[in-house]
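The values are calculated or read from the model by the stated rules, or taken from the named source; none is laboratory data. None of the values given here were measured: they were computed from a predicted structure. As a convention, Cβ positions derive from the backbone with ideal geometry for all residues, glycine included, and neighbour counts pool all protein chains shown. When the accessible area is computed, the model is the full protein with side chains, heavy atoms only, and any ligands, DNA or RNA have been set aside. Shrake-Rupley method; radii C 1.70, N 1.55, O 1.52, S 1.80 Å.
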Amino acid sequence: MERVNTILVSVSLLMRICGTTGQSIKSAELPGDVTVAGMFEIYKRSNEKCGDIRPSSVMALEAVKWVFKNLNNEGYLPVKIGLLSYPTCRSSQQTVENTYDILRRVGNSNDQNRRTIVGIVGPEYSSEAEVVSTITGSSKPENRILQVGFSTTSSSLSDFKKYPNFFSVVPNDSLQVQVILSLISKLEWNRIAIIYENDTYGIEAGISLKNLAEEKGICIPIFHSVAVDSPQASDPNQINSILNSMLLTISPSVGGLVFIGSEDVVNKLLIAASERFLNSRLSFIFSDGIQIQESVLKNSQIVLEKSRGAFAVGSPRVIITEFDQYWHTLFQNTSLLLKESFSNPWLLDVFEQKTSCRPDVASCIGLNGKQLKMSFPTQPLYIQYAILSALVIARTFREVYKDNCTNSSNCLEDILPGQMIEKLKSLTINFDTDFKWKIDSLTGRNLRFIDKGGISAGLESSLYEVFNFRKFPSKTGDFMFIKVGDYLKDGMHLNITDVRDYDLSGNENTWPNLHKATCIAPNKCKECLLKSNPDRFVYMPGDLYVVGIVPIYDRGDPFGCGAIRTVNGYQIVEAMSYAVKKINNNTTVFPNQTIGLIILNSCNNPFVITEKIIDMYKNGLKLGMGDNLDTFNTSKNITEILRLDNRILGFIGGLASSISIKVSEVLQQLKFVQISYASTSPVLSDRKLHPYFMRVTTSDDKQANTMMRIIKELKSDYIQVIYSEGSYGEGGINSIRAAASANEICIAQELLVKESADGLYYKILQELRKKPFAKIVIVFLQSHIAQPVMDIVGKDAINGEFMFIGSESWGKNVDILKGEAKSILESSIVLSLEMYEDFDLVYYVRGMNPESKRNVVWLKEYMEAKLNCFYPWSFDKSRDHKCTSTDLPVNKEDFQMSMWNIFAYSSVLSLLKGAYHSFKSLCGPSIPRVCPAYAEYPEKVLKEVKTVQIKLNGNESMDVFDENGDGRIGYTIYYIQKNPENLQELQYLKIGEYKPGIILEFNHDDYMFPVIPSTCPNPMACSHCSRTIPFTTSVPIVSSNDRAIIGLGVAVSILILALVIAIVIIIRRGNSPKETITQGTFPGNYEQSVIDRLEPSRGIVTTSQRDLRNVDKNSSLHVRGSTSNTISQSGVAVSSLQNGAAVYNMKNNGVNVSHVPQAFLRQFNSNGATTQAPRRPPKSLPKPQFQAINNAYHTIYDDDMQDNNMEIRQTIHAESETTFAPREVIDNDHGTEEGQNQLVVDPYIHPVP
């Protein structure tokens, strides 16, 4: 048989020498008693055919043959091992043909070509290996042929159910992807392109890398495949097209590229990149497909420009020097080469490629040392693994042979192929002791497989290696791969000081000045900003966990998230983590367990957080979506799932009441105790609805009562309320209604404020002005919208127009005092829930630094938005400046700390202290998991937590909760005043406090109440209130002797009603002009004063602003230094402040308008409406009224309103209040009596006609 095979190979060689191409050779064989089949690429793929010879593939075949020949020579086995080799040309079709030829040789006992096949080595590509295993693995288990891969790294091949006969001696791509991801992070890249070959290897690794990279916040704007096994593979433009997209469709261009594929595409890619990226930096990371070969990065021995500084990763590389010597000898000695070509005819093709001659020609000599170095500069990565695969099969067969051939000399027929598979599953191979023939390069190494076909213990402690293509540190300056890092079990170890890259001028750079693939300032990389991070979580590992709920982002659409919060958001995460660390350092609370922390982002959206809690409880947490608060450890398996169903002690949160309510509904079913650090809605006090809910804050019903006490202290009884949509605001307004009714305070108006991502709060002031007598406005808004709402109101409001009372969510927020509302907040009052200031906590939170926690994506986003700066790894570098150490909170004295930090901190301490006593009694002190009893009886946990005492005031321990589980903290009351040391600033001044069960206490010596009370103007205005509010008002002096007329509520009401009726009668009857003395009080606290004159007979009220210093002393005007409008006997109303007053004078024969800054006409209708608008009057009016208004129109419009270009409408409601709003006034006589004019108001602002 050996003689026949030799003849066949000789014939093949003869065909080659005679001119027949080596591509026609279907197989070659090293004869043996038993045979190992091998599949190797041999030829590159070109136009769907076999193309040029692939030297590295021919070398791999020769390495396998070299092992078997040496083992046969040493007598390792009582039989000889042969090698039957097939070329695949990277063709799936050719691979299928090869596989069926192998099976035919096994199955046909009458065929002279029949072989005892004990294993298959290869093929070299994962897609081909899948084809082979699918065919050979479909046989019965006992007939399956063992297949060992040496370069196939696809993770799918580790699926032993799908590929039951496949083993690999090289780590699979799940590890390689983690290595590349770790390298990207170490290099501080976060915006890259990924290009991959569209075979199994490239597709699986490319998609896996993209998904995991995006989970780590790395942006992938370019993700593209390259065809390798189709007609498109030969298209030279496909690489150019991809690079053009990187340059033209993405701005700025991407600065880093990861390529996953073989050496052929790499060379084309580098050539194209060097031509197109002439003025742009582009750095590369190459996968193990290039086999760490320098020749791939060169073109005709010239280093390609864009290859300089490139990185390559690969499984641990061991140069098998014994084989290197053998290989070099082959190409130096043509006689030996011809001899070995009988079993590997493709050696001749390699020789011809390197020398351009045939070894059988006498004039053709072998390569010298220099030529060898140029032709084979480094041993390809997978040569060592090809050698390992041969040794593995030989070692396995030896064990199987021992099991079957103890008593029989001719037992090969008894060995079934499937026995090799079962034996290898449990086999450990020691290269020092298992072979007589020693390969010194493998000394000290061993190999063991796991039942899924992958390696569980590799050759070295290093699992993967990282190389940098740089100048060799010598005088020659040659470029070569230098090892710069190892990926070990504990992660990436990169010797960053050994790394080099090169700028466009060729200058060498070192760390930290290496090129970084990031977004370039001052650009905003919009395609990356779309990859937001609200779905991430942060954690601290532990045995048992506390789960915190924090609104890191604002609410977006009804089911999503919006922008990062800058108020009462991320800081709370740091406060909770500090509390957990403090407990872990405490030997009296959970001394035998480590407490972990998980923070879920609620986005202030009930839908978002409830879904996250349910998913976490059912499916655990994928660590790839989490950021460790303490360490940046990319070595962890980022696909690992953290199961939490028996590890959660309780929940902390949420902040908003609407979140806590929905979370409570879920946790009630899951039986977890929940402690909120900020929710104050009274609904949450209902233990039937929320049995396991607790909070450290006080319920809003107590806050509402406190507010009413303050209003009574201000001698006021008429207020407005603006409140947030959701449980916090809506629960608050309910409490305010009840408290107001009990205290005989009338709520003039309630304004619901819906959270707006666009900040559309401009209508609030307009609505408030509809109730100008209700000066006191309670602000009951969620903390994150309090400032934007007040900023919008403050832009157009007048100082003193309203006085605000802020709820505890406003608290002592310094940022509100610095915003647009600054000008209107003086004399306002706010309530604050306050605990003592824990200086250690403050120091810890102020130590926030994204530089030391780069993996915590939320921290970076928060700091950038808060400080209006950007970090080097940011995708938005359009902000004001680059963040520096001076921007850090620890270096900014005015950095606003969240008022809820101490509450969150106290909540965590309370939960853990109470949970420990319950855990110890129900589960024992030492077990690392929650026992069934703890999970089943949350009532016992709740009971223990209620008894917890901590130092709420900083001095002595006191109860945190009352019997119902609500907080026991009172309110501190602050007055907003100018800072005496800097009158341009406002400050909070403590003026009182309220503690549950203790009367409200004010310190009247520290402040002065506002001058103007907020009182009900008349019974009609307050008729909607549930109780009758006593109506009182001061009556102005109306005679020259300054005699005061005091009218009580009922009398004034009757007088006002009589006045309205009189006006209507006069207008309807069209009587002649008659001056009327009108008495009453109107609000006025304006910087300029107003004089009104009422002519009921004409239905006209005129208003003007004018300096009184030029008024004739003998005129009928009466001016008082009062804040109210006074109507004198002459029918002229005068309002005066410190800066004087303005006058508008009306005569009986018409209207005389002076040239004043602003003037308006008011027209009363029968329904009590009045308009102020410089516009032409309707001709339907009686002539005297028309002429008077028309004259005034021309004067006002021509002289005064051209710059203002706006109309103003004033409406007198049934309660005799007035509202102002820019409106267009149009005429409408439909449905009115003759001689009357009804006004219709368009809801938009238009220029004056």
Legend entry - Set 612, 581: member being out of contact with any helix residue (DSSP H, G or I) (no Cβ under 9 Å at 6 or more places or on another chain) and at pLDDT 95 or above: 612
Legend entry - Lone qualifier among 187, 157, 181 - being under 37 Å from the mean Cα position of the chain (by Cα) and buried (at least 24 other Cβ atoms within 10 Å of the Cβ): 157
Inset, instruction - Answer yes or no: is there a residue in the range 565-573 that is open to solvent by 10 Å² or more (accessible area, probe 1.4 Å), hydroxyl-bearing (Ser, Thr, Tyr) and free of Cβ contacts under 8 Å to residues at least 12 places away in the same chain. - result: no
Inset, instruction - Tell me, please, whether a residue that is farther than 20 Å from residue 204 by Cα, part of a helix (DSSP H, G or I) and not basic (Lys, Arg) can be found in the range 106-119. - result: yes
Legend entry - One residue from 373, 402, 354 being in a helix (DSSP H, G or I), within 21 Å of residue 75 (Cα to Cα) and out of contact with any strand residue (DSSP E or B) (no Cβ under 7 Å at 6 or more places or on another chain): 402
Legend entry - Scan of the range 393-410 for residues that are within 29 Å of residue 288 (Cβ to Cβ) and out of contact with any helix residue (DSSP H, G or I) (no Cβ under 7 Å at 6 or more places or on another chain), ordered by number: 393, 395
Inset, instruction - State which residue is nearest to residue 277 (Cα to Cα) when the search covers only the range 466-513 and only residues that are surrounded by 14 or more Cβ atoms within 10 Å (Cβ to Cβ) and among the hydroxyl-bearing types (Ser, Thr, Tyr). - result: 502
Inset, instruction - Taking residue 174 as the residue in question, decide whether it is in contact with a helix residue (DSSP H, G or I) (Cβ under 6 Å, 6 or more places away or on another chain), in a helix (DSSP H, G or I), open to solvent by 10 Å² or more (accessible area, probe 1.4 Å) and of a type outside the set (Phe, Trp, Tyr). - result: yes
Legend entry - So residue 916, is it open to solvent by 30 Å² or more (accessible area, probe 1.4 Å), in contact (Cβ under 8 Å) with a residue 12 or more places away in the chain and touching a Phe, Trp or Tyr at 6+ places or on another chain (Cβ under 6 Å): no
Inset, instruction - State all residues of the range 715-732 that are part of a helix (DSSP H, G or I) and buried (at least 22 other Cβ atoms within 10 Å of the Cβ); if no residue qualifies, say none. - result: 727, 728, 729, 731, 732
Inset, instruction - Could you pull out the residue among 521, 517 that is in contact (Cβ under 8 Å) with a residue 12 or more places away in the chain and either under 19 Å from residue 623 (Cα atoms) or open to solvent by less than 40 Å² (accessible area, probe 1.4 Å) (or both)? - result: 517
Legend entry - Scope the range 958-1002; condition touching a residue at least 12 places away in the same chain (Cβ under 8 Å), among the charged types (D, E, K, R), over 21 Å from residue 904 (Cβ atoms) and not in a strand (DSSP E or B); matching residues: 963, 995
Inset, instruction - Please state which one of 898, 878 is open to solvent by 10 Å² or more (accessible area, probe 1.4 Å), outside any helix (DSSP H, G or I) and touching a helix residue (DSSP H, G or I) at 6+ places or on another chain (Cβ under 6 Å). - result: 898
Inset, instruction - Filter the range 601-627 down to the residues that are assigned to a strand (DSSP E or B) and out of contact with any Lys or Arg (no Cβ under 8 Å at 6 or more places or on another chain), then identify the one that is least open to solvent (accessible area, probe 1.4 Å). - result: 621
Inset, instruction - Kindly provide the set of residues from the range 481-533 that are touching a strand residue (DSSP E or B) at 6+ places or on another chain (Cβ under 7 Å), charged (D, E, K, R) and under 30 Å from residue 315 (Cα atoms), ordered by number. - result: 483, 486, 498, 500, 501, 503, 508
Legend entry - In the range 680-695, the residues that are open to solvent by less than 20 Å² (accessible area, probe 1.4 Å), in a loop (DSSP other than H, G, I, E, B) and either modelled with pLDDT of 95 or more or among the acidic types (Asp, Glu) (or both): 690
Inset, instruction - Test residue 767 against the stated conditions and say whether it is in a helix (DSSP H, G or I) and either under 27 Å from residue 1022 (Cβ atoms) or without any contact (Cβ under 8 Å) to a residue 12 or more places away in the chain (or both). - result: yes
Inset, instruction - Give the number of residues within the range 956-977 that are within 22 Å of residue 811 (Cβ to Cβ) and open to solvent by 60 Å² or more (accessible area, probe 1.4 Å). - result: 2
Inset, instruction - Confirm whether residue 831 is buried (at least 19 other Cβ atoms within 10 Å of the Cβ), assigned to a strand (DSSP E or B) and aliphatic (A, V, I, L, M). - result: yes
Inset, instruction - Please tell me if residue 864 is out of contact with any helix residue (DSSP H, G or I) (no Cβ under 7 Å at 6 or more places or on another chain), among the acidic types (Asp, Glu) and part of a helix (DSSP H, G or I). - result: yes
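Matching residues to (1) modelled with pLDDT of 90 or more; (2) over 24 Å from residue 699 (Cβ atoms); (3) open to solvent by 10 Å² or more (accessible area, probe 1.4 Å); (4) out of contact with any Asp or Glu (no Cβ under 7 Å at 6 or more places or on another chain):
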site: 755; (1), (2), (3), (4): no, no, yes, no
site: 758; (1), (2), (3), (4): no, yes, yes, yes
site: 772; (1), (2), (3), (4): yes, yes, yes, no
site: 793; (1), (2), (3), (4): yes, yes, no, yes
site: 797; (1), (2), (3), (4): yes, yes, yes, yes
Legend entry - For residue 354: the one exception among (1) closer than 22 Å to residue 259 by Cβ; (2) in contact with a Phe, Trp or Tyr (Cβ under 9 Å, 6 or more places away or on another chain); (3) open to solvent by 60 Å² or more (accessible area, probe 1.4 Å); (4) not aliphatic (A, V, I, L, M): (1)
Legend entry - Which listed residue is open to solvent by less than 10 Å² (accessible area, probe 1.4 Å) and of a type in the set (Asp, Glu), from 264, 288: 288
Inset, instruction - Sort out which residues of the range 549-600 are in contact with a Pro (Cβ under 8 Å, 6 or more places away or on another chain) and within 18 Å of residue 653 (Cβ to Cβ), and write them in order of number. - result: 552, 553, 561, 565, 568, 569, 596
Legend entry - Scope the range 439-465; condition at pLDDT 85 or above, surrounded by fewer than 17 Cβ atoms within 10 Å (Cβ to Cβ) and in contact with a helix residue (DSSP H, G or I) (Cβ under 9 Å, 6 or more places away or on another chain); matching residues: 440, 441
Legend entry - Which numbered condition residue 243 fails, given (1) assigned to a helix (DSSP H, G or I); (2) more than 25 Å from residue 876 (Cα to Cα); (3) not aromatic (Phe, Trp, Tyr): (2)
Inset, instruction - Examine the range 849-869 for a residue that is farther than 18 Å from residue 627 by Cβ and surrounded by fewer than 17 Cβ atoms within 10 Å (Cβ to Cβ), and state whether such a residue exists. - result: yes
